[in-house]
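Report on the structure given below.
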Amino acid sequence: QVQLVESGGGLVQAGGSLRLSCAASGTIFRVNSMAWYRQAPGKQRELVAAITTGGSTNYADSVKGRFTISRSNAKNTVSLQMNSLKPEDTAVYYCKLFEPPRSYWGQGTQVTVSS
């Protein structure tokens with residue numbers, strides 16, 4: 001069983017920065033992808049950024065140039081550096097580990113950006 005624990009959420013003013021971290025524990029295979037999703041009130045959960053074991057990344061258009069995803073394969077961690085935050089970035093952010101065909105989710109961490 002795999003467990004994911006997120007940290008680093010909080011309240012920040014528009015234009016500020018936050019760094020989210022996620023640590024995975026349990027039986028983890030080498031080939032996987034890790035990602036950050038977010039869900040704002042009344043909206044569907046959406047992909048923010050993803051990164052493969054090999055380091056290939058994918059970003060939502062809304063965060064390109066502002067957010068950076070990174071990972072440590074040795075430590076089974078993934079981070080999301082969020083800069084130039086906007087009020088529309090306010091959401092619960094979830095970490096996801098994808099090992100086909102299984103997906104594992106963290107409990108979520110709240111990010112609130114005030115205007």
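The values are calculated or read from the model by the stated rules, or taken from the named source; none is laboratory data. Predicted model only: the values in this text are computed from it and were never measured. As a convention, Cβ positions derive from the backbone with ideal geometry for all residues, glycine included, and neighbour counts pool all protein chains shown. To get the accessible areas, we keep the full protein, side chains included, count just its heavy atoms, and leave off ligands, DNA and RNA. Shrake-Rupley method; radii C 1.70, N 1.55, O 1.52, S 1.80 Å.
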So, for the Cα atoms of the range 48-87, Rg and Dmax in Å stand at 10.7, 34
Which value, in Å², gives the accessible area per residue of the chain when a 1.4 Å probe is used on the protein heavy atoms? 54 Å²
What is the diffusion coefficient of the range 1-41 in µm²/s, taking the Kirkwood radius over Cα pairs and the Stokes-Einstein relation at 4 °C with a viscosity of 1.567 mPa s? 102 µm²/s
Compute the relative contact order of the chain as a whole-number percentage, counting only Cα pairs closer than 8 Å that sit 6 or more residues apart in sequence. 36 percent
Report relative contact order for the range 61-115 in percent, whole number only (criteria: Cα-Cα under 8 Å, sequence separation at least 6). 28 percent
Checking Ala74, Ala40, Ala14 against a Gaussian network model of the chain (alpha-carbon springs below 10 Å), the top fluctuating residue turns out to be Ala74
Taking the range 26-66, which chymotrypsin sites (Phe, Trp or Tyr not before Pro) meet the DSSP loop condition and have no more than 13 other C-beta atoms within 10 Å? Phe29
List the lysines whose Cα sits under 17 Å from the Cα of Lys96, skipping any in the same chain fewer than 8 residues away. Lys75
Give the carbon-plus-sulfur fraction of the accessible surface of the range 1-93 in %, rounded to a whole number; probe 1.4 Å, heavy atoms of protein chains only. 49 percent
Looking at the chain, what % of its DSSP beta bridges pair antiparallel, to the nearest 5? 90 percent
Charge tally for neighbours of Val113 with beta carbon under 10 Å away, counting Lys, Arg as +1 and Asp, Glu as -1, is -1
Two-decimal ratio, the chain, of alpha-carbon radius of gyration to 2.2 N^0.38 Å: 1.01
